[in-house]
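Just so you know, all these numbers are worked out from the coordinates, no wet-lab data involved. Computed from a predicted structure; not experimentally measured. Glycine also receives a Cβ, built like all others from the backbone with ideal geometry; neighbour counts cover every protein chain displayed.
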Amino acid sequence: MPRMIHSMIRVLDEARSLAFYEGAFGLRIAGRYAFDGFILIYLANAEADFELELTVNKGRAEPYALGEGYGHLAVSVDDLAAEHERFTAAGYAPGAVKSFALPGGGEARFFFVQDPDGYKIEVLQRGGRYQ
């Protein structure tokens, strides 16, 4: 099962994003909190070891401005090829698997897939760049 590395995604359409994250990663709502200007939604997988925080803006046409690094989500998986095949079969159009040599030896392998709002999600081979 994938493990979350970084979590914070700001979304425009709650239903569309929830459908994507459930289908792509098996995440379901674990908590939903409404505030004056936004909604926080916490998602988790069945094993509760993969969590994601979504921020949904109320009454705005666009997400809040994103700072450096926001809107980037990274997960690590045990079998990158199998995950790439699963994403492809599900119609998520993942990018090509890429790799690069790590300092001190070894190789990092990954691919990108985009969520409905266009945020890049980096799917990494566990034991590569991130543990």
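Could you run the Karplus curve 6.51 cos²θ - 1.76 cosθ + 1.60 with θ = phi - 60° over the range 117-125 and give me ³J(HN,Hα) per residue in whole Hz, x for Gly and Pro?
Karplus-based 3J(HN,Hα) across the range 117-125 equals 8, x, 6, 7, 10, 9, 9, 10, 6 Hz.
Extension gain Ala101-Glu85, at 0.36 nm per residue separation less the Cα-Cα distance, in nm?
Length difference between fully extended and current span is 3.4 nm.
Per residue of the range 96-111, in order, report the coupling 6.51 cos²θ - 1.76 cosθ + 1.60 (Karplus, θ = phi - 60°) as ³J(HN,Hα) in whole Hz, putting x for Gly and Pro.
Once rounded to whole Hz, the list reads 5, 6, 10, 8, 8, 6, 8, x, x, x, x, 9, 9, 10, 6, 9.
Starting with the highest mean, order 87-95, 116-124, 29-37 by the number of other Cβ atoms within 10 Å, averaged over the residues of each peptide.
116-124, 87-95, 29-37
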